[in-house]
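Below: the structure, in C-alpha cells.
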Amino acid sequence: MKLTVVGCSGSFPSAESACSSYLVEADGFRLLLDMGNGALGELQRHCGLYDLDAIFLSHLHADHCIDMCAYFVARYYRHDGGRCDPIPVYGPEGTEHRLTVAYGDTPTASSMSEVFDFHTVKPSTFDVGPFTVHTERVRHPVEAYGIRIEHAGKSLTYSGDTGTSDALDQLARETDLFLCEAAFTHGKENIPDLHLNGREAGETANRAGARKLILTHIPPWTDPQVNLADAREVFRGPVELAAPRASYEI
C-alpha cells in the first residue's frame, strides 16, 4: 500500500501546497482521500485524470471537497471518448447536494450523479477495491469521518478534521501510519471539537500505539515546526510533517 500526499495545507492553499488530498494505491487500485482547493491540478502529477477508482470525502468543508466541482467538469465534458462512467464517491449525508450547489447548478439537478456514484458514509466497515475500510464519526462542526484503510496486513489511518475523539483513538489503534491533522498551535487556539494541535495529535498517536505519525492540515499562518516539536514531546515513535509529493510505502 502506497500513500502519496497530493495536498496537505489546512483551510486554504499555501504557496507550496494544495489543500487536503491523499492518494492511496494498492494492487493497481487508486483511492483518493479528499479533494480540496487546488488538489485536482496537483493530482495529475501522480496519476491520469481518469485513473482514479474511488474517492472518499471526509467532510464537506471546501478545503476537503471543492475541487470535486472541477473534477465533475473533467468527467462530464471529457473531450475524447465521451462522458465517463460513474466513479464511486463516499461522503457524508448530502454530498451530492453540497457539490451541486457549490458548482452553481439547481439543487434538484442530477447531472453530478451521471459521473459520480454517491454512497453515504456512516460508521461502518466495508470494502473498496482491495481495501477494507473502517469509518467513524469524529468531532467537527459538520458531519465528519475518520477512516482506517487496511490491506495485506497493513493499515493507514486518516483523521480528517477533528478535535480530540475516542473514536479516532480506536481507529488509529496500532496503525502502521497515522495521517493526523494538527491545525492548531498548543497554547494558542483552544476551541473544542474543531481541530487538534501538534501536542494533541502526538497524544492521540501515543494512546493509539500508532507506529508512525504524519502531521497534516497545518494552515499557512501556523508554524509547522512548532507543531512538530510539540508532537515529538509526547509521541515516542517517528513523527514527520506532511509535504506535497511525499510518498510512503506501508
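What the table shows:
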read-out: Residue list for segment 98-114, restricted to those being in contact with a Pro (Cβ under 9 Å, 6 or more places away or on another chain) and either over 17 Å from Y76 (Cα atoms) or part of a loop (DSSP other than H, G, I, E, B) (or both); value: R98
read-out: Meets criteria (in contact with a Gly (Cβ under 9 Å, 6 or more places away or on another chain), modelled with pLDDT of 95 or more and surrounded by fewer than 17 Cβ atoms within 10 Å (Cβ to Cβ)) for R137; value: no
read-out: Residue within segment 66-86 that is closer than 30 Å to A167 by Cβ, free of Cβ contacts under 8 Å to residues at least 60 places away in the same chain and touching a His at 6+ places or on another chain (Cβ under 8 Å) present; value: no
read-out: Residue in segment 110-122 that is among the aromatic types (F, W, Y) and open to solvent by 70 Å² or more (accessible area, probe 1.4 Å) present; value: no
read-out: Flag if N190 is part of a helix (DSSP H, G or I) and either open to solvent by 50 Å² or more (accessible area, probe 1.4 Å) or farther than 25 Å from S14 by Cβ (or both); value: no
read-out: Exclusive hit being under 14 Å from D161 (Cβ atoms) and among the aliphatic types (A, V, I, L, M), set L57, L49; value: L57
read-out: Where a residue in segment 190-201 is acidic (D, E) and its partner, wherever it lies, is modelled with pLDDT of 95 or more, with Cβ under 6 Å and at least six apart; value: D193/R139; D193/G163; E200/T164
read-out: One residue from T106, T100 being of a type outside the set (F, W, Y) and crowded, with 16+ Cβ neighbours inside 10 Å; value: T100
read-out: Residue check, T185 at pLDDT 95 or above, surrounded by 15 or more Cβ atoms within 10 Å (Cβ to Cβ) and in contact with a Cys (Cβ under 9 Å, 6 or more places away or on another chain); value: no
read-out: Some residue of segment 171-180 being farther than 30 Å from Y77 by Cβ and among the β-branched types (V, I, T); value: yes
read-out: R83 being exposed (fewer than 13 other Cβ atoms within 10 Å of the Cβ) and in contact with a Lys or Arg (Cβ under 8 Å, 6 or more places away or on another chain); value: yes
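The values are calculated or read from the model by the stated rules, or taken from the named source; none is laboratory data. Quick caveat, the model's predicted, so the values are computed rather than measured. Counting neighbours? That spans all protein chains shown, and the Cβs are built from the backbone with ideal geometry, glycine included. Surface accessibility is based on the protein's heavy atoms, side chains included, excluding ligands, DNA and RNA. Shrake-Rupley method; radii C 1.70, N 1.55, O 1.52, S 1.80 Å.
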